[in-house]
1. Rounded to the nearest 5, what is the percent of antiparallel bridges among the DSSP beta bridges in segment 279-384?
2. Under 8 Å for C-alpha pairs, at least 6 residues apart: give me the relative contact order for segment 288-429, rounded to a whole percent.
3. Hey, any idea what the orientation-averaged projected area of the convex hull of segment 3-136's Cα atoms comes to, in nm²?
4. Could you grab the relative contact order for the chain? Cα pairs under 8 Å, six or more apart, rounded to a whole percent.
5. Segment 196-282: Rg/Rh from Cα coordinates, Kirkwood Rh?
6. Mean Kyte-Doolittle hydropathy of -0.5 or higher plus an axial Cα length of 20 Å or more: which whole DSSP H helices in the chain meet both?
7. How long is the chain along each principal axis, judged by its Cα atoms, biggest number first, in Å?
8. Hey, could you get me the Stokes-Einstein D for segment 272-319, Kirkwood radius over alpha-carbon pairs, 4 °C and 1.567 mPa s, rounded to whole µm² s⁻¹?
Amino acid sequence: MKLSTKLTLFITGSKLVIVLLFVCALPFLVKHIASEYTNYTLLQQQKKVLNIISKNGADYYFDGDETYGSYTMLKEEFIALLPVRDDLKMDTIKDSQRLIESDTLNYRVLSVTFKDHNKNYLLEIGKTTTSINQYDKPLQRFALYVLITLIALTILIDLTFIRILIRPLAKIINSRLINRKFPFKDKQQSVDTSTTDFIYLDESLILLMNQINEAFHKEREFTSNASHELMTPISILQNKMENLLAEENLDESTSVAVVEMMKTVDRLKNITKSLLLISRIENEQFIRREEVSPLLMFNEIIEEISHRLEEKQIKISLSISADVILEGVNKDLLFQLFFNLVHNAIKFNRHEGQIEIKDRRLNDGSYEITIADTGIGIPEADLPYIFNRFKKANLEGNVGFGLGLAIVKSIALYHQIQIDVQSKINESTEFKITFSPTAKSSYREELLSVPNV
């Protein structure tokens, strides 16, 4: 999962949790706020009444009566004033019930005692709890709408900021790690960012890529130079052994020893040639401007290697479209690639085994050639490494130098060909060679015969 996706999910989830908690706490918050506001209103009314009494005296309200009481038409508020005993002291705000005109109502009541002209009075100011709570639902809805709007706005701002913040990271990943082909030919440009961590990451990746590139070029140069330099002494040594073997006075044991040495030198020469070929491919010293018919090419390969098929009595089935032409390739390299695969299919096949070569056009426009055999197979643990140089599968007997598939891989990379391998021990091995839609291939109306082998 991408970092931006994780941050988006975290931000959205955290905001939703906040909304949920707020929704759960909202009724209590609104009720508390309404209660505190009512207390404040009652205190303000108390202050106003006491100011009037301090100026005009309590008789201003009594008007000749012993007590004073007044309430609104809907009985939502009331005020009461009455004399009490001198030792009574009160200063409270609490919920209580009052009987007003035979109606028992719940009120939030402020009760306070005060003295006026040495007389103790009790002042009560009340407000019905119904009128206090009548705005709870609208307030809750309003608060919820405001919260949701703010949350949505903050999410939008956060996502925009995250997108801007990690944009340099996305550029670093796309330019340094994704769809990069080794070796890196283009000069590495630093990503423009003000984030110190991204700058450090970008510089570290550039340094690492340059070091890898330099090491690769040194290795490739060494392989090329070593292969060139080795060919001369090997050829000289081979010629001297041939001259030595041509001498008439050479006894039989010495002749046998010379022949064995020549075999060793010949193997060394083949290894050197293979390394030199890989080096030339990696240095792109071959031209890719030729056109190749896969059917004609496989016919040539089969004709050249037919004696190996006869030795192991292997049947080969060739089912290649006659009208396919591969363009923009190097014929010799492509011949070498398929020759090595067919050679391996014969070499590691069982006696009286089978080889099937077929092709097809995929839905995405790719062109695929499959080479399958009924051989001894490749261990699953070895499959990721079979294209490495000098890597040999865990097989018995003479398995070569471990360079055949390395050459195949080098040619495939040079032509941007994809190779997939599937294998089952003692059953089969299947190589799929896929030419991408970007690779030049076309169909031509030509009638080519497919030989029966």
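1. The antiparallel proportion sits near 65 percent.
2. Answer for segment 288-429 is 23 percent.
3. So the mean shadow area of the Cα hull is 12.0 nm².
4. 10 percent
5. Rounded to two decimals, Rg/Rh equals 1.38.
6. Once both thresholds are applied, what remains is 3-56, 136-176, 196-246, 252-282, 331-347.
7. 159, 46, 41
8. 96 µm²/s
Coordinate-derived values only; no laboratory data. If you're wondering where the values come from, they're calculated on a predicted model, not measured in any experiment. Neighbour counts run over all protein chains shown; Cβ positions are idealised from the backbone, glycine included.
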